[in-house]
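Peer 1: I have a structure I would like to understand better, so I am pasting it below and will then ask my questions one at a time.
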Amino acid sequence: MKQKLAIVGSGPKSRDQAPWNDPEYDIWVFNEATESPWVKRYDASFQMHKAESYTAPENFKCKNYWQVMQEKRCKPIFMQEPDDRVPDCEVYPLDEITRMTGLTKPFLTGTPAMALALGIYKGYATIDIYGIEMSYTEYKYQAECWRYWVGFAHGRGIKVGLYSGGHMFDAKLYGYEGNHTFPASHFQGRADKIKAEFDAAYKNLQGQIATVKKCLADDEYLKVNEKVGPMQAAAMLAGELKGRLQEAELYAGYTVDKPADRGEFEFRAALNQRDGEPKRIAMQRLTGQIEYVWNVWNQTKQPGARVQLEQMIERLVLASLEVAAMWGAYQENISYIAEYDDMYIAAGGQIGDNPRNVRLG
């Protein structure tokens, strides 16, 4: 066994940075990743699921994975239980790792944590982490356990290199960064940032609209059909940024005498969500109508159908901007609520204390 270990998940942001060509490292990967082209080499893998899972013929990640597991490669596959059909099977030492912690029950909520725990148990001096972001829904449940094992490794004097997932350790510093108020520049800073993004998005939208109009004028039926989707997507992006900008500018105009508080964030988020839903349904209905009129124009080549289509596309742009602006306003207020709660907790408060009535400057 080497002194250095790299645990490599499938997260594309950092997996390619793993020390594939460094012979000083053992490399561990997970499940079907052994067959992925981005895995340049590996020394062991993990398959911690039940047999009915890893033997399933409909494995969408690797159709021949069960066949691969039955090959002898002399590279351990750490598993829950012995399986005589898997020649490289090595049973995960769950009891030994639990005793190592001093806990009465194993605290292992995901395979990445199990791999890190095993690396600690085996005595690696350096453990580097790649491709483990814990950013998707199922992994958020696992994040607390992951933090525990990173801390456990540090406590054992192990050098842990977090080349992925660093955001899990990015939180407001209790007592130092906590507060019951936003700084006066908070909303203006948001507005300035969003304004630059909105200007770029709106410029792109104008280009998309010009392209569609030219295709309409030239009677390029198929191109119109191809370009309307990207144009609407550009309108939705510009609209979302417009809605976010409106909220940031609104709160930036508040004063100490008229502060923005958590209750207003909640109110405006709910208001935009409520009012935006019927407009979203109407926009979807308009999209269907545009498809019908386009088919008429494509089949009849009548100028009247083209004029009607052009008018409806203009309405679609406006509707998309409006619907997305309400969505953006909703999202902006939700982000303020999350920021405020983090800040409030870091200052020693509890969300159950009903912080919505605390004034924000």
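Peer 1: What residue, among those in the range 57-68 that are within 28 Å of the chain's Cα centre (by Cα) and exposed (fewer than 15 other Cβ atoms within 10 Å of the Cβ), is modelled with the lowest pLDDT?
Peer 2: Step by step, filter the range 57-68, then rank; the result is PHE60.
Peer 1: Here is a further query. Pairs under 8 Å by beta carbon, first residue assigned by TED's automatic domain parsing to the domain that holds GLN208 in the range 290-315, partner outside any helix (DSSP H, G or I) and surrounded by 11 or more Cβ atoms within 10 Å (Cβ to Cβ), six or more apart or different chains?
Peer 2: Here the result reads VAL296/GLN302; LYS301/ASP219; ARG306/ASP219, each pair linking the range 290-315 to a residue that is outside any helix (DSSP H, G or I) and surrounded by 11 or more Cβ atoms within 10 Å (Cβ to Cβ).
Peer 1: Can you name every residue in the range 18-33 that is part of a loop (DSSP other than H, G, I, E, B) and touching a helix residue (DSSP H, G or I) at 6+ places or on another chain (Cβ under 6 Å)?
Peer 2: Those that are part of a loop (DSSP other than H, G, I, E, B) and touching a helix residue (DSSP H, G or I) at 6+ places or on another chain (Cβ under 6 Å): none in the range 18-33.
Peer 1: Of the residues ALA324, ALA269, which single one is in contact with an Asp or Glu (Cβ under 8 Å, 6 or more places away or on another chain) and either more than 27 Å from TYR221 (Cα to Cα) or at pLDDT 95 or above (or both)?
Peer 2: ALA324 is the lone residue from the list that is in contact with an Asp or Glu (Cβ under 8 Å, 6 or more places away or on another chain) and either more than 27 Å from TYR221 (Cα to Cα) or at pLDDT 95 or above (or both).
Peer 1: Could you give every pair whose Cβ atoms fall below 9 Å, whose first residue belongs to the range 155-170 and is at pLDDT 95 or above, and whose second residue is part of a loop (DSSP other than H, G, I, E, B) and surrounded by 12 or more Cβ atoms within 10 Å (Cβ to Cβ), counting only separations of at least 6 or pairs across chains?
Peer 2: Close Cβ pairs satisfying both conditions: GLY157/ALA125; ILE158/TYR124; ILE158/ALA125; LYS159/ALA125.
Peer 1: Also, I was wondering about something else. Can you spot a residue in the range 215-225 that is touching a residue at least 40 places away in the same chain (Cβ under 8 Å) and of a type in the set (Lys, Arg)?
Peer 2: No, every residue in the range 215-225 fails to be touching a residue at least 40 places away in the same chain (Cβ under 8 Å) and of a type in the set (Lys, Arg).
Peer 1: Let me ask something else. Scan the range 285-314 for residues that are closer than 20 Å to LYS242 by Cβ and surrounded by fewer than 14 Cβ atoms within 10 Å (Cβ to Cβ) and jot them down.
Peer 2: GLU314
Peer 1: Further question on the same structure: Taking the range 212-231 as the search range and keeping residues that are loosely packed, with under 15 Cβ neighbours inside 10 Å and not basic (Lys, Arg), which one is nearest to LYS301 (Cα to Cα)?
Peer 2: This residue is ASP219.
The values are calculated or read from the model by the stated rules, or taken from the named source; none is laboratory data. Quick caveat, the model's predicted, so the values are computed rather than measured. Every residue, glycine among them, receives a Cβ derived from its backbone with ideal geometry; neighbour counts consider all protein chains shown.
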